[in-house]
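Notes follow the structure.
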Amino acid sequence: MRIFRNLRQALRGVALNKANTFLMTLGIIVGIGSLTVIVAIGEGTKAKVLDRISSLGFGPDSFSVYAGSGRLFFARSGATTSLSLQDVDDIRALPTVRLVIPRQRKRSRVIYKKEFTATRVYGVTPEWQIARDWDMTDGAFFTDQDMERKRRVIVLGSTPAKKLFGDQDPIGKMVRVGDVFFQVIGLLEEKGLTESGYDPDDRSLIPLTTSISRLTHQTYLHSAKVMALDPSLVEKTMEDVRLILRENHNLSPLADDDFRYITPEGIMQWVTESSQALNRMLVLISTVSLLVGGIVIMNILLVSIRERVREIGIRRCFGARRSDITQQFLFESIFVAILGGILGTAIGLAVAIIFQRFDILPTKITWEPFALAFAFSTVIGLVFGIQPARKAAMLSPEESLR
Amino acid sequence: MSLIELRSIGKTYQSAGLDVEVLKNVSLRIKEGEYVSIIGPSGAGKSTLMTIMGCLGLPSQGIYILDGEEVGQVSDRELSRIRNEKIGFVFQAFHLLPGVTAIDNVMMPLLYSDKVPKDAKQRAQAVLEKVMLGHRLTHTPGQLSGGEQQRVTIARSLINNPKILLADEPTGNLDSKNGVEIMKTFDRLNQEGTTIILITHDQEVALHAQRILTIKDGQIESDQWNENFQKSQAGPARSGVE
């Protein structure tokens, strides 16, 4: 086939004019390289967030209600006295709700003899363990009886346990939280740091009733986790919960919610939105550099055509058609662009791996950059090669041999 | 029947808004197997005549019939095909593809044939052997002497078995020893039946041909048979064809 012969001639041209080829690839390398890094960072961030979400212990059937207005983890109002035990009871009464776990939270210093550590102390109900599906390595979780009697018992996460007790067995020991002594009755299984550096083990749990009477001295809740009977019921349940809370809190129809939801989708959406602005800018930059790369290809090709007028003339003398010359130069431009794309992807991947290795930015390598690079560079080679290739083909053979 | 027939060919170039008439009313017939020199001072229109005969450009006036086909207002595609199949070019400046081996240079015209023959490599090798370059197949032009390069271009012009070999000052860039070698090659090719049209300003080179056309100011001034044809390769050049 004639077209394959022209393709081979183009390959040879690219190989023979190494200096030109190198210069032409530069712009594409930068463009595709940065695009590869951007995609890797985008994917990495997404993975990090997903990882973070899973560390929050959400299943597809659950969501959390937090006291105070605002969005997600960012409370707008300082007053977090909006979520009450009554609210939780009302939510629990909904037919679509399987479990509600009310939570109080206080960051406190936990002390054992001369050792101490600051950790998040949660007041929760015994169902917490069921909802989180979190195993114990030693001892037991507190019971309904502990709740009723407001017992001063504590379950330690592995991080405070290690800091306070080292190699000793903590079970049965007394630790001080603030001014109050608690007996350690259980140890949570270690989950380990998440990819993003969040430590889910840095927590301790006490009965909610004990927390109310001994630690926070108030009945308002920090948040509540709601598990629906089925993932498909989550949306309806959220709507019902909103109605209950607005009624309980006497909110006028015009008032904003004084509570907020945290759902996996909500977090995801927030991350996407906040990373989108940055992503858009980066995509713009790499698009511009790809365009510049294309213009570089076009110009160098135009110059190289002037250098290669002879070659074109000779080929035409011996029977090359205009279309043969067009094809040859178009293929050259596409080859150069694809070569730049390949090198750019390689460099971009190397940068992404370095970012990951040295913890500079989270990155994740996926197949998309390869496809993107291939498609982009082919298009650029084609678009910016057309004009020079046509120019080469329009040279008259008699003049090009003068 | 003539292989080449020019009927009142004229060629006008536009230069700085002025019409420059390079060829005026040139009529000419060349039969198959002829060995023709076209001589004349520079600027006489020799090269323009060659471009027209070589189908590299179209005449402004007149009719050109090549091998029974009228090369009139045909498409670029058709012209390319005619060049590819019927004409072999040899240039003063060789015009080989730089960085490409001798054998690949010789095979280049085959790329633009409708079908590449299966024995392309053998054919290229054979024509290179014909010009005594069987030992230089994989050398690039930079590795060859001027004479060798010119022989590669001759081999290249022969690869498609053209009807006509058009040579434009083939010895112009060569020393006398290499020039003699190249002319011997042409003589031999003509003896084997190839039609050769040789453009030169060198009387001595012109005398290798059987027929000598003199061009001056875009017109044929004389059209002579070389009486000493055959002998000319051995004997001293005769001066003054007129």
Based on DSSP H runs of at least 4 residues, each adding -39500 (n - 2.57), what is the mean residue ellipticity at 222 nm of chain A after dividing by all its residues, to the nearest 500 deg cm²/dmol? -18000 deg cm²/dmol
If you average over every viewing direction, what projected area does the convex hull of the Cα atoms of segment B:1-97 give, in nm²? 7.5
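What is the magnitude of the charge dipole of segment B:92-242 about its Cα centre, with +1 placed on the Cβ of each Lys and Arg, -1 on the Cβ of each Asp and Glu, and no other charges, expressed in debye to the nearest 20?
Taking the Cα centre of segment B:92-242 as origin, the dipole is about 640 debye.
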Pseudo-spin-label distance A:Asp359 to A:Glu265, built 7 Å along Cα→Cβ, given in nm, is 3.6
Signed unit charges on C-beta, dipole axis of chain A, positive-most listed residue A:Thr159, A:Phe141, A:Ala375: A:Ala375
Give the Rg/Rh ratio for segment A:168-313, taking Rg as the radius of gyration of the Cα atoms and Rh as the Kirkwood radius, to two decimals. 1.31
Here the relative contact order (percent) of chain A, from C-alpha pairs under 8 Å and at least 6 apart, is 31
At 1.002 mPa s and 20 °C, Stokes D of segment A:121-204 from Kirkwood alpha-carbon radius, µm² per second: 161
Could you tell me the convex hull volume per residue, in Å³, taken over the Cα atoms of segment A:1-151? 325
Go ahead and run the numbers for FRET between A:Lys162 and A:Asp230, Cβ-Cβ distance against an R0 of 41 Å, rounding to 0.05. 0.60
Rounded to two decimals, the Rg over Rh value of segment B:78-178 from Cα coordinates and the Kirkwood Rh reads 0.95
Between A:Gln183 and A:Val292, what is 0.36 nm times their sequence separation minus the Cα-Cα distance? Round to one decimal in nm. 32.4 nm
Quick one: Debye curve from the alpha-carbon atoms of segment A:59-262 only, equal weights, vacuum; give me log10 I(q)/I(0) at q = 0.08, 0.13, 0.18 Å⁻¹ to two decimals. -0.28, -0.74, -1.28
By the Kirkwood definition, with r running over pairs of different Cα atoms, segment A:95-142 has a hydrodynamic radius in Å of 13.0
Relative contact order for chain B: what percent, with Cα pairs under 8 Å and sequence separation of 6 or more? 26
Counting alpha carbon pairs within less than 8 Å and at least 6 residues apart, what relative contact order, in whole percent, applies to segment A:252-383? 28
When all C-alpha to C-alpha distances in chain A are sorted into bins of 10 Å, what percent of pairs does each bin hold, rounded to whole numbers? 5, 17, 19, 15, 12, 10, 9, 8, 4, 1, 0
Per Stokes-Einstein, at 37 °C and 0.692 mPa s, what whole-number D in µm² s⁻¹ belongs to chain B, with the Kirkwood radius over Cα pairs as the hydrodynamic radius? 178
Among B:Arg123, A:Arg280, what is the fewest-to-most ranking by other Cβ atoms within 10 Å? A:Arg280, B:Arg123
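Any read-out appearing in this document is the output of simple, stated calculations on the displayed coordinates, not a laboratory observation. Just so we're clear, the structure is a prediction, and the values are computed from it rather than from any experiment. In this analysis, Cβ positions are derived from the backbone assuming ideal geometry, glycine residues included, and neighbour counts consider all displayed protein chains.
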